[in-house]
1. Output the relative contact order of region B:23-63, whole-number percent, from Cα pairs under 8 angstrom with separation of 6+ residues.
2. Can you work out the base-10 log of I(q)/I(0) for region A:300-346 at q = 0.26 1/Å, using the Debye formula on its C-alpha atoms alone?
3. Can you compute the modelled spin-label distance between B:Leu42 and A:Ile358, with each label point 7 Å from Cα toward Cβ, in nm?
4. Please give the average number of partner chain Cβ atoms lying within 10 Å of the Cβ of each residue in A:212-224, rounded to a whole number.
5. Which three semi-axes in whole Å describe the equivalent ellipsoid of the protein assembly as shown, each the square root of 5 times a Cα gyration tensor eigenvalue, listed largest first?
6. With a length cut of 24 Å (Cα positions projected on each helix's long axis) and a Kyte-Doolittle mean of at least -1.0, go through chain A and give me the DSSP H helices that pass.
7. Can you give the average number of partner chain beta-carbon atoms within 10 Å of each beta-carbon in peptide A:184-196, as a whole number?
8. Can you give the convex hull volume per residue for the Cα atoms of region A:191-333, as a whole number of Å³?
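None of the figures in this text is laboratory data; all of them are computed from the coordinates on show. This structure is a prediction, so every number in the text was calculated from the model and none was measured. Note that each Cβ is placed from the backbone with ideal geometry, even for glycine, and that neighbours are counted across all protein chains shown.
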Amino acid sequence: MAAHSIPAGRKHGIDGASLKRWAWVHRWSSLVCTVFLLLLCLTGLPLVFSDEIGHWLDDTPTSSAAPGTPRTSVDAMVARSLQQYPGQQVYSLVVEDEARVKVFMAPSFEEARHNPRSIHVLHFDAYSGAFAKPPDPSERGRLTFMNLMLKLHTDLFAGLAGELLLGFMGLLFVIALVSGVVLYAPFIRKLPFGVLRRERSRRLLWLDWHNLLGIATLCWLLVVGVTGVINELATPMFAAWRSNELRALLAQDLRDARPLPVSELPSVQQALDSAMAAQPGMQAVSVVYPGNPQGSSQHYLIWAKGRTPLTSQLYTPTLVDGRSGALLGQVHMPWYLVGLQLSRPLHFGDYAGLLLKILWAVLDLIAIVVLVSGVYLWWVRRPLAARP
Amino acid sequence: MKQATTQTQSNTMLWGMPVLLALLSGTGLLLALLADDGWHLLAWLGVAAPLLAVGWCAWRSHRPRQPPG
């Protein structure tokens, strides 16, 4: 409804001048963000089904261990990884999956920072401690279809600048939604909800579709828009958290910070065990190695999550000393990181089974129709709007 | 007095469905996050409410027109 002839709005508590202003806001906020939003909707569609597509493409043989088999020590897997790639650095471990352990490695932390594609992964069977599939150096840095979708969806291959740009486009989208709601009343006037005027012009029918689809899915569009913006701010939020909470906690230890060689680190399995013993009922997710830019230079950073639908979305970090192996305890999670963690599921739609994902995909397609019809309505009205 | 009643009626007609759909889908989104798996069916229905409403409007618009009254 962006560039429509402005209806008389006095009856709806909005005067002509402010109606024109809102129409201007709606037109330009949506026109500027439309191309980016279309890209986000198209790349978001396969990303909703990342887990399913990942499982489908996963060529790793399933573990033959009986349920309840104890997991072997991750120390042996780390040693095996270092043997496979001598001189390399263990970057992090992912232990979330009951049957698998992933060991991420990089030539060095410095190299990983400059070239994230130098990070590669080794897959282990958690029960036998053997490789779940043979290490494949050619897998390193290979750009898969899903990675391409993720990069286009999150940072356009431009790192933080791309994230902030897409975050700003998300903000414009939210402004377009709010201004669209303000314009809804004067445009609908006395029409019944959801009327589709097929017998009049094509433009009027598309206006009706634009209004109906936009107002019906408004709540979902707002939730996914706002949480998308929050997700794009993850990098600065984590950086702020590391430099405030983490630094304050580690002020003492960081004073004589020198890199800890991977060969001198205390047992990572014991670090995991002591961290998890301190938080019963939680499940270990990952271990960020000392020196990793995502963690502390002198500590293992161990992420754990709860087991209920809500707490399984909330990850808590625990620190274990990288020299002595002593447990330092949990790191405080500030409100903005709790908000960020809760906005992930609400953006991804991956928190209540396959049916919710299918609904997410349908709503995503509807968002595309709202975007395209908006551009169409602006385009067909353009010559009229330019009239004196 | 009469004018105020008319205003309330037209506001209900205008915003009734949009508010209802926003409440249903918003409740569905939160229910799926906060409640356990037993509530998923209700959560799905809530999130699907806008789709059902759109489907109904599309179906209605294809129906032959009823004479007024």
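1. Values: 31 pairs, mean separation 16.8, N = 41.
Computed value for region B:23-63: 41 percent relative contact order.
2. Those come out to -0.94, one per q.
3. 2.2
4. Details: counts 8, 3, 1, 8, 12, 8, 7, 15, 9, 2, 2, 4, 1.
Whole-number average of other-chain Cβ neighbours for A:212-224 is 6.
5. Working: eigenvalues 518, 104, 89 Å².
That gives 51, 23, 21 Å for the three semi-axes.
6. Values: long enough: A:16-48 (43 Å, 1.13); A:159-188 (43 Å, 2.09); A:353-385 (48 Å, 1.66).
In chain A, the long hydrophobic H runs are A:16-48, A:159-188, A:353-385.
7. Numbers: counts 3, 5, 0, 0, 4, 2, 3, 2, 5, 10, 10, 3, 6.
So the per-residue partner count for this stretch is 4.
8. Working: hull volume 23.0 nm³, N = 143.
Taking the convex hull of the Cα positions in region A:191-333, it is 161 Å³ per residue.
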